[in-house]
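The structure appears right after this line, and notes come after that.
The values are calculated or read from the model by the stated rules, or taken from the named source; none is laboratory data. Keep in mind that this is a model prediction, so the values were computed, not measured. Virtual Cβ from ideal backbone geometry, glycine too; neighbours counted across all protein chains shown. For accessibility, only protein heavy atoms count, side chains too; no ligands or nucleic acids. Shrake-Rupley method; radii C 1.70, N 1.55, O 1.52, S 1.80 Å.
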Amino acid sequence: MKSPLPIRNGVSASRQFLPTGHWRSILEYLEHAYPTVDTATWIDRMQRGEVLDEKGARIAPSDAYHAGSWLFYYRELQNEIVIPFEEHILTHDEHLVVIDKPHFLPVIPTGPYLHQTLLVRLKRKLQLEHLTPIHRLDRETAGVMLFSHNPESRGTYQSMFQKHAMKKVYEALAPTSTRHAFPFTYRSRIVAGEPFYRMKETDGDANSETHIEVLENRGEISLYLLRPKTGRQHQLRVHLAALGIPILNDRFYPELAHGEGDNFARPLKLLARSISFVDPYSGLARSFRSERVL
């Protein structure tokens, strides 16, 4: 469904389906659905013409509630934290935009981040309406990130990740291991943990696999090369923590550091170094490599 609101300063309009309920007005529903947004803010947005239905008609504070319809509006944040690091464009062709992402920058709007996200920054910079990421990269992780801006070819590139046709290589700084002989492949079963944004290992058939090598020994710290065969959330962080060599500055693994905010001087020492693949349209081998250094 196409939004009746255009992209504004790199931000696409959000949409909200109106479920079955007994709210008397749309405003009353919005107060219920978004308790952290006060009534005056919704009224102000409506008066500015920034809350529309799927036909592009403006919503007024007194409009009756009708389940089954859609609303479109611009999400707004107050006092958003500025991420003081810049992304770099590695390539921009008719299908893809390839980015060298900095640490701390979220890929898409979420929680307290809106304008300070890679997607919004790029939409504002490149003016590409259909730009969207085609794989995941943690906010804390830096490195190579692929975006599609061509809806006709997007599914083809996305399927390559699902088929493991995209070869991803990571690097990490972690304590030097005296317990393991490298290179070797580590496998385990990873499932959702507590709190919801952490993962954990459990008994059962392995659903994650990472090949690990040592690139450079720096005394108590080593530079590791990681080749994930699977793409579980936080897989590399979980695997190295399980091996007793947690990635430097990891606030989630092996233990959660409660109450600590971002320390821009101590980024997670994990880098998506490169992505390589055979392009399905040109047939050429392509490889993109981060210019960042751990």
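Some observations on this one:
- Highest mean first, the peptides 255-267, 119-131, 99-111 sorted by other C-beta atoms within 10 Å per residue fall in the order 99-111, 119-131, 255-267.
- Its Cα gyration tensor gives the range 1-85 an equivalent ellipsoid. The semi-axes, each the square root of 5 times an eigenvalue, are 23, 16, 12 Å from largest down.
- Gain on full extension, evaluated as 0.36 nm per residue between ASN150 and SER274 minus their Cα-Cα distance, stands at 42.4 nm.
- Taking other residues whose beta carbon is less than 12 angstrom from the beta carbon of SER208, and scoring Lys, Arg as +1 and Asp, Glu as -1, yields +3.
- At least 27 Å along the helix axis (C-alpha) and Kyte average at least -0.5, DSSP helices within the chain: none
- Diffusion constant of the range 40-127 at 4 °C, which comes from Stokes-Einstein with the Kirkwood Cα-pair radius and 1.567 mPa s, µm²/s: 83
- Simple spin-label estimate for ILE221 and ARG124 in nanometres, 7 Å along Cα-Cβ: 3.2
- Förster radius 45 Å - calculated FRET efficiency between ALA33 and SER282, Cβ distance, rounded to 0.05: 0.45
- Surface analysis of the chain yields an accessible area of 52 Å² per residue, using protein heavy atoms and a 1.4 Å probe.
- Net charge in the neighbourhood of ARG289 (other residues with Cβ under 14 Å of its Cβ; Lys, Arg +1, Asp, Glu -1) is +3.
- Environment charge of PHE161, counting only residues whose C-beta is closer than 10 Å and scoring Lys/Arg +1, Asp/Glu -1: +3
- Label-point gap, in nm, between LYS200 and ASN79 - each point 7 angstrom along Cα→Cβ: 3.4
- Cα convex hull of the range 197-294 - mean projected area over all directions, nm²: 8.9
- Shape descriptor for the chain: Rg over Rh equals 1.02 (Cα atoms; Rh from the Kirkwood inverse mean 1/r).
- Taking one quarter of the surface of the C-alpha convex hull of the range 130-191 gives a mean projected area of 6.4 nm².
- Sulfur and carbon atoms: percent of accessible area, the chain [1.4 Å]: 50
- Per-peptide average of other Cβ atoms within 10 Å, ordering 30-36, 153-159 highest first: 153-159, 30-36
- Ranked packing of 139-148, 196-205, 226-235, 64-73, most packed first, by mean Cβ within 10 Å: 139-148, 226-235, 64-73, 196-205
- Descending Cα extents along the principal axes, the range 76-164, whole Å: 39, 26, 22
- Rg/Rh for the range 110-223 stands at 1.03; both radii use Cα atoms, and Rh follows the Kirkwood definition.
- The slack in the chain from ARG251 to LYS55, taken as 0.36 nm per residue of separation less the alpha-carbon distance, amounts to 66.0 nm.
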